[in-house]
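Structure record follows, encoded as C-alpha cells.
The values are calculated or read from the model by the stated rules, or taken from the named source; none is laboratory data. Note that the structure is predicted; figures quoted are calculated from it, not measured. As a convention, Cβ positions derive from the backbone with ideal geometry for all residues, glycine included, and neighbour counts pool all protein chains shown.
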Amino acid sequence: MNEQINLKHYGRLLVQYLRSQKGRAALLGLLILGSIALQLINPQLVRRFLDAAETGRTLDELVRTAVFFTSISIFAQLFMLAGTYVGEIVAWTATNDLRADLALHCLKLDMSFHKTHKPGELIERVDGDVNQLANFFSQLIIQLGSNLLLVFGVLVLLWLEDWRVGVSVTAVAFIGLATLNQLNRYLVPRWQKVRALEADLFGYLEEWLTGTEEIQTNGAAPYILRRLYELMRRRWRLVQSAMRLNLWVIGLPIIVPGIAYVVAFFWGDHLFRSSVMTVGTVYLIFYYIDVIRGPLWAIQRQVQDLQRAAASLNRITALFAEQPTIHDGSNAVLPDGPLSVQFAGVSFVYDDDLRVPYSVSREPSADGESSETEHGTRITDYDPSAVLKNVTFTLEPGRILGLLGRTGSGKTTISRLLLRFYDPTEGAIRLGTPPPQSSPDGGGSKTPLPKGGAGGGLIDLRHTTQSEIRRRVGMVTQDVELFHASVRDNLTLFDDSVDDGRLLTALDELGLTTWLAALPNGLDTRLDASHSLSAGEAQLLALARVFLSDPGLVILDEASSRLDPATEALLERAIDKLLAGRTAVIIAHRLHTVQRADEIMVLGNGRIFEHGSRAVLAADPNSEFFSLLQTGLEEAIA
C-alpha cells in the first residue's frame with residue numbers, strides 16, 4: 001500500500017464525490033477566487049494611499065481611498081464567510097456519501113472478512129477515517145487551496161513590482177515548500193500507524209463492552225484495564241513519534257517569512273536609495289510578505305490535517321480494495337413452494353489459505369447437452385482442517401431434517417453454506433424442484449412437487465444470486481438481532497412497503513395475537529432501554545420475520561436456554577405453523593426438539609454418521625439416534 005499522499009487518489013475522490021454537487025462546487029470556486037482577489041487588491045490601495053500622501057494629494061482623495069480600502073476589506077470577509085459555509089456543506093455532503101458507500105461495501109463483504117475484523121475496528125474505519133476526510137474535503141478546498149493560491153498571487157505581484165524581489169522571495173518560498181514536502185514523506189506513515197492502532201483500540205473497546213457481564217462475573221477487570229493501558233501507551237508513543245517530526249513543520253512558518261523579510265529589506269533599501277521604488281512600493285513588498293505569513297501558518301495546520309487524511313485515505317482505499325469472494329451467478333430463479341435440498345460431495349474448510357476460489361463452467365457435450373466442469377481445491381479424507389468431508393444427502397420438498405452432532409461437527413457450517421455465506425471447497429449444493437423419479441433419502445413417501453413457480457429443477461447455488469437465495473431461504477438463529485425501533489420496524493426490517501394488515505395477519509396465523517396485545521403499544525411499541533423483549537419473545541419476533549418473507553426452506557437454530565412453559569408452548573405452536581408446507585432443517589440442541597422431524601442426520605468430525613427416517617432410527621437399537629434417545633445425554637449433542 002502506498003503510504004504517501006497520493007494526488008491521484010485525492011483527485012479521484014474529489015471528482016467522484018463532488019460530481020453530484022457541480023453547482024455548489026462552482027459557487028465555492030467563485031467565492032474562493034473572489035476572496036483571494038480582494039485580499040490582493042487591498043495592499044495596492046495602501047500603496048496608493050501612501051504615495052498620494054507623499055505627493056501631497058487632497059484630503060478628499062485620501063478619504064476616498066481609505067473608504068474604498070475599508071469596503072473591500074468587508075467584502076473580502078463576507079466572501080470568506082460565504083466560502084466557508086458553502087465549503088462545509090460540500091464537504092459533509094461528500095463525506096456522508098463516502099460513509100454510506102463504505103458501509104455498503106462492508107456489508108457486501110464475505111463472512112470470512114467479518115470474522116477477522118471486529119465491529120469496533122470497522123466503526124472506526126467507516127466513521128473515524130471518514131471524519132478525517134471530512135476535514136480533507138473542506139480544508140483542502142477552502143483553506144489549503146485558497147492559501148496556496150494566495151501565496152502564488154503574492155509571488156506574481158512581487159515579480160510584477162520588481163523581478164529581483166520576485167526571484168528572491170520565490171526561491172525562499174519554494175525552498176520552504178520543498179522542505180515541507182520532504183518532511184511530509186516521513187510524517188504520513190507515522191500518522192497511518194496511529195490510525196491503525198486507534199482502529200485496534202476501538203475494536204478492543206467494542207469487544208469488552210459487549211462482554212461486560214462475563215468480565216464482571218469472572219473478575220477479569222484488572223486484565224481488561226491492563227490491556228487497555230498497553231494499547232493507550234502504544235498510541236501515545238506513536239503520537240509522540242509523529243509530533244517530534246511535526247515540530248519541524250511547525251517551525252517553517254516562522255523561518256520562511258523571517259528569511260523573506262531579510263531579502264525584502266536588502267532589496268527594498270537598495271532600490272529605494274536608487275530611486276527605483278517609492279515608499280509605497282517598499283511598504284507594498286513588506287505588506288505582501290506579511291500576507292504570506294498568515295497563509296503559511298494555515299498551510300502548516302492544513303498539512304497536519306492532510307497527513308492524517310492521507311493515512312485515513314490509504315486505509316479507506318485498502319478497505320475498498322477488499323473484494324468479496326462470493327459472486328452472483330446467473331439470474332436463475334428458485335421455484336415457489338417448498339424447496340428440495342441436495343448436497344453432492346460437499347467438503348469445506350474455513351482456513352482461507354487452504355482454499356482456492358471455486359468455479360463452475362458449462363461446456364456443450366457431444367449430445368448437445370451442457371455439462372458442468374467443477375474447479376477447486378480437493379480436500380483429502382485425512383485433512384484435519386476440513387469442517388465437512390464429502391457430505392452427500394438429499395432432502396425432499398416439505399420434509400423436515402433434524403441435524404444432530406457434537407460441537408464442531410459441522411451443523412452450523414451446513415446452515416451457512418445453505419445461505420451461501422460461503423461456497424463449498426469441493427462439491428455442490430443445489431436447491432429447487434427434484435426430478436419426478438426422486439424419492440426421499442432415508443425412507444418415507446414421496447412429496448408431491450409444488451405447482452407453479454419458476455425455474456424448476458435443482459439449481460446450484462453458485463448459478464443464482466445471493467438476493468434470490470435470501471429470498472427463498474429463511475433462518476432463525478439462537479441470537480436474535482433487535483433494533484432500537486418499533487416492533488413494526490423490527491418485523492419488516494424497515495421495509496415501508498409491508499402494511500400493518502399483512503403484519504397482523506401473519507401474527508394471527510402464528511398464534512401471536514395475544515403476545516402482540518400484551519405489548520404496551522402493539523406494533524408501535526419501541527424496543528429500547530425502556531422496553532426490551534425476553535429471549536423467547538425475541539425468537540417469536542424472529543419467527544414472524546421469516547414467516548413474512550414466505551421462504552421455501554427454513555433453517556431453525558434453536559435456542560438452548562430454557563423458556564418459561566407459557567412462552568415455550570407459544571413458541572412451539574409458532575414453529576409448527578412456520579414449518580407447515582415448507583422444507584426445514586432444524587439444528588437440534590435438545591432431543592425433544594427433533595420430534596417434529598421426518599428425518600434425522602447425525603454428524604461427527606465433518607462426516608455423516610447416520611441419516612434416515614426418524615421413526616426407523618428411533619426403533620433401531622443399533623442406531624446412534626436410538627442410543628441418544630435412551631441415554632438422554634443432551635450434552636452429547638450440544
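Only residues that are in a strand (DSSP E or B) and among the basic types (Lys, Arg) were counted in region 583-610, giving 1. Being modelled with pLDDT of 70 or more and in a helix (DSSP H, G or I): is that true of VAL341 here? In short, no.
Count of region 614-633 residues, restricted to those that are under 22 Å from THR392 (Cα atoms) and surrounded by 19 or more Cβ atoms within 10 Å (Cβ to Cβ), is 3.
Could you please give the count of residues in region 604-613 that are in contact with a helix residue (DSSP H, G or I) (Cβ under 6 Å, 6 or more places away or on another chain) and crowded, with 16+ Cβ neighbours inside 10 Å? Residues that pass the stated criteria total 1.
Each row is one residue, and each column tells you yes or no for (1) in the same structural domain as PRO119 (by TED's automatic domain parsing); (2) loosely packed, with under 11 Cβ neighbours inside 10 Å; (3) modelled with pLDDT of 70 or more.
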residue: GLU213; (1), (2), (3): yes, yes, no
residue: ASN218; (1), (2), (3): yes, yes, no
residue: ARG227; (1), (2), (3): yes, no, yes
residue: LEU231; (1), (2), (3): yes, no, yes
residue: ALA242; (1), (2), (3): yes, no, yes
residue: ASN246; (1), (2), (3): yes, no, yes
residue: ILE254; (1), (2), (3): yes, no, no
residue: ILE259; (1), (2), (3): yes, no, yes
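Listed by first and then second residue, the pairs with beta-carbon distance under 8 Å, at least 6 apart or on different chains, first residue in region 100-120 and closer than 20 Å to GLU207 by Cβ, second outside any helix (DSSP H, G or I) and of a type in the set (Val, Ile, Thr), are SER112/THR325. Being closer than 30 Å to ASN42 by Cα, among the hydroxyl-bearing types (Ser, Thr, Tyr) and in a helix (DSSP H, G or I) is a property that holds for THR70. With a requirement of 1 or more residues that are touching a helix residue (DSSP H, G or I) at 6+ places or on another chain (Cβ under 9 Å), surrounded by fewer than 19 Cβ atoms within 10 Å (Cβ to Cβ) and at pLDDT below 80, the strands (runs of 3 or more DSSP E) lying completely within region 356-415 that satisfy it span 359-364.
Each row is one residue, and each column tells you yes or no for (1) modelled with pLDDT of 75 or more; (2) in the same structural domain as LEU245 (by TED's automatic domain parsing); (3) assigned to a helix (DSSP H, G or I); (4) surrounded by fewer than 17 Cβ atoms within 10 Å (Cβ to Cβ).
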{"position": "GLY120", "(1), (2), (3), (4)": "no, yes, yes, no"}
{"position": "VAL130", "(1), (2), (3), (4)": "yes, yes, yes, no"}
{"position": "ILE141", "(1), (2), (3), (4)": "no, yes, yes, no"}
{"position": "VAL165", "(1), (2), (3), (4)": "no, yes, yes, no"}
{"position": "ASN184", "(1), (2), (3), (4)": "no, yes, yes, no"}
{"position": "PRO189", "(1), (2), (3), (4)": "yes, yes, yes, yes"}
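With the condition kept exactly as written, say whether any residue in region 570-586 is modelled with pLDDT under 90 and more than 19 Å from ASP508 (Cβ to Cβ). Checked against the condition, which is being modelled with pLDDT under 90 and more than 19 Å from ASP508 (Cβ to Cβ), region 570-586 yields no hits at all. Restricting attention to region 79-92 and to residues that are in contact (Cβ under 8 Å) with a residue 40 or more places away in the chain and of a type outside the set (A, V, I, L, M, F, W, C), the residue that is surrounded by the fewest Cβ atoms within 10 Å (Cβ to Cβ) turns out to be GLU88.
Listed here are the residues, each with its yes/no results for (1) surrounded by fewer than 16 Cβ atoms within 10 Å (Cβ to Cβ); (2) of a type in the set (Ser, Thr, Tyr).
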residue	(1), (2)
SER73	yes, yes
GLN77	yes, no
ALA94	no, no
LEU98	no, no
LEU104	yes, no
LEU109	no, no
